[in-house]
Amino acid sequence: MYKKILFPIIGMSSVKTGMQCAIEIARLNDGHVEAICCRRVFEEPLPMASEDWDPVELENLLKSFEKEEKARVSAARKAFDEVVNAAGVPYIQHPTAGDGLSVSWEVVRGRPADEIVARAGASDLVVAGRKEEGVGPLTRSIAEVSLFVSGRPVFIAPQEPPGTIGKNIVVGWNRSAAAGRSVHAALPMLKTAETVRIVSVATNAKDGPAASAMQEYLALHGVTAALTEVDPDYRPVSEILLDEAKDAGADLLIMGAFSHSRLQELVLGGVTRDIFQKADIPVLMAN
């Protein structure tokens with residue numbers, strides 16, 4: 001059940017789409033969306049690099065940064081309010097079990113990754129925009145930080161608001177533990193989906209349960225899933241998954257994240273990175 005959904009915000013590019021997705025997911029179980037707008041802190045240049053900095057120039061730089069951050073947070077709140085008011089969802093800062101669907105807003109000051117670590121563990125799901133840049137030196141998006149450090153499943157919102165979420169679902173199955181965690185995390189949506197298709201690409205790279213075993217597992221949860229086994233045919237796995245999702249008319253792709261080491265994934269890319277960059281439908285991942 002998705003009773004508590006965390007929605008971290010840095011930039012403006014995904015506030016509306018991300019919040020719309022978070023609200024629709026929260027509706028499944030009358031849940032709460034906790035939106036945190038991360039107001040970044042000014043980091044002075046390193047001492048060696050700043051020896052020649054004029055104090056006045058540094059002060060002006062700080063003032064300019066603070067002005068930009070204030071404007072960004074204000075614009076994000078405006079976009080947030082537009083979505084919430086249009087959806088008719090009440091604001092409740094500290095919800096209780098009987099409050100039903102609700103949202104809250106908080107501005108936090110500090111490193112976004114630190115805030116995600118501090119809050120995600122007390123959430124069922126993290127919703128992230130695909131283009132939230134600038135979280136840290138080793139990561140390129142809130143989605144990636146959430147997958148690395150939160151320990152929670154992450155729902156990655158598309159660039160444009162989806163018409164539906166979880167009506168027709170494709171599960172990308174590669175026998176990995178991450179894929180299994182993703183399926184488990186997605187059960188609330190899988191149980192209410194109209195169609196579910198498991199797509200297994202025969203790479204033989206993992207030793208976990210076969211796709212047929214996952215099909216049986218879902219059946220025990222009341223989910224009838226079709227099974228498609230695809231030969232790699234020298235195509236990238238990400239291309240196969242996205243093509244199968246398109247053919248199925250899917251409005252959600254479920255898959256495991258970062259099957260290689262973190263360093264490999266960041267340097268070499270991989271299936272997860274390709275999905276980040278190319279998917280035009282929502283994606284639910286767990287690491």
Could you list the trypsin sites (Lys or Arg not before Pro) in the stretch 154-217 that lie in coil according to DSSP, counting only those with at most 14 other Cβ atoms within 10 Å of their Cβ? Lys191
Taking a ≥ b ≥ c as the square roots of the eigenvalues of the Cα gyration tensor of the chain, is the shape rounded (a/c under 1.5), prolate (a/b larger than b/c) or oblate? oblate
Would you mind finding the longest exposed-site-free stretch of the chain, with exposed GluC sites (Glu not before Pro) meaning DSSP loop and at most 15 other Cβ atoms within 10 Å? 195-287
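What is the fewest-to-most order of Asp247, Asp233 by other Cβ atoms lying within 10 Å of their Cβ?
Starting with the residue having the fewest Cβ neighbours, the order is Asp233, Asp247.
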With just the Cα atoms defining each centre, how far is the stretch 9-33 from the stretch 181-202? Give it in Å. 21 Å
Of the lysine pairs in the chain, how many meet both conditions: Cα atoms under 15 Å apart, and a spacing of 8 or more in sequence or different chains? 7
Could you identify which residue out of Leu101, Leu253, Leu58 has the top mean-square fluctuation in a GNM of the chain using Cα springs shorter than 10 Å? Leu58
Footprinting proxy, Val84, Val149, Val183: sorted fewest to most Cβ within 10 Å, the residues are Val149, Val84, Val183
Measure nothing fancy, just the Cα-based angle from helix 211-220's long axis to the longest principal axis of the chain, in degrees from 0 to 90, nearest 10. 90 degrees
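Taken together, the values in this text are just the output of simple stated rules run on the coordinates, not laboratory data. Please read these numbers as outputs of a predicted model, since none were measured by experiment. When we count neighbours, we look across all protein chains shown, and the Cβ atoms used for this are built from the backbone with ideal geometry, even at glycine.
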